[in-house]
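Okay, structure first, notes after.
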Amino acid sequence: MTGARKLSNFFWALTVFLGSLGFLFVGISSYLGRNLISFVSSEQVPFFPQGIVMFFYGIAGLFISLYLWSTISWNVGSGYDRFDKKEGIARIFRWGFPGKNRRIVLEFYLKDIQSVRIRVKEDPYGRRVLSIDIRGRGVFLLTCTDENLTPLEMEQKVVELALFLRVPINKNL
């Protein structure tokens, strides 16, 4: 599992950071009465109320950017799925946010897996979500929601896993 270190997350973290710097500089330049950004005149943006709002948007954007960069550096959501037939145990491991529960490990017996599920979301992207149904524990997601597999690749993945585990496939629309 790739987790938070995806190209789209880098793009949005950088975009939010640069945008928030722009808002911050406009707010500061309206307060100082000097042009810190060449294409925005400080006279066009009065400090009260527009300059104050721009300044606080900049601060809020920096906090959001810090959050995005933190999830990228901690690689939240990354991990692996292991199905071990010799031991009869399945293990799902994911990295979470730092703290006491940073390492998220789910272990269960293979015999408790009731089915492999594929859910098709009918939207412009046509996403398919792979999950497993575990007796007494519910349904666990196995694919990333943004994993871009073709319908054929996803079906092959589901069939391989179902054959390996010797369980039926449930298709939910």
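The values are calculated or read from the model by the stated rules, or taken from the named source; none is laboratory data. These numbers were taken from a predicted model, which means no experiment stands behind them. Here the Cβ positions follow ideal geometry from the backbone for every residue, glycine too, while neighbour counts run over all protein chains shown.
Quick notes
- Restricting the range 122-144 to residues that are of a type in the set (D, E, K, R) and more than 21 Å from residue 160 (Cα to Cα), the residue that is modelled with the highest pLDDT: 137
- The condition (being assigned to a loop (DSSP other than H, G, I, E, B), hydroxyl-bearing (Ser, Thr, Tyr) and under 30 Å from residue 102 (Cα atoms)) is satisfied by just one residue among 71, 2: 2.
- Residue check, residue 76 touching a residue at least 12 places away in the same chain (Cβ under 8 Å) and in a loop (DSSP other than H, G, I, E, B): yes
- Pair list, Cβ < 8 Å and 6+ apart or interchain, from the range 99-111 residues that are of a type in the set (Ser, Thr, Tyr) to residues that are outside any strand (DSSP E or B): 109/88
- Residues within the range 104-116 that are of a type outside the set (Ser, Thr, Tyr) and more than 21 Å from residue 143 (Cβ to Cβ), tallied: 1
- Filtered residues of the range 145-158 (kept if under 20 Å from residue 79 (Cα atoms) and at pLDDT 85 or above): 157, 158
- For residue 89: the one exception among (1) in the same structural domain as residue 34 (by TED's automatic domain parsing); (2) more than 30 Å from residue 16 (Cβ to Cβ): (1)
- Residue 8 vs. criteria of a type in the set (Gly, Ala, Ser), at pLDDT 90 or above and surrounded by fewer than 17 Cβ atoms within 10 Å (Cβ to Cβ): yes
- Residue identified as among the hydrophobic types (A, V, I, L, M, F, W, C) and under 30 Å from residue 14 (Cβ atoms) among 93, 140, 108, 83: 93
- Within the range 97-124, if we keep just the residues that are within 25 Å of residue 135 (Cβ to Cβ) and in contact with a Lys or Arg (Cβ under 6 Å, 6 or more places away or on another chain), the residue that is surrounded by the fewest Cβ atoms within 10 Å (Cβ to Cβ) turns out to be 107.
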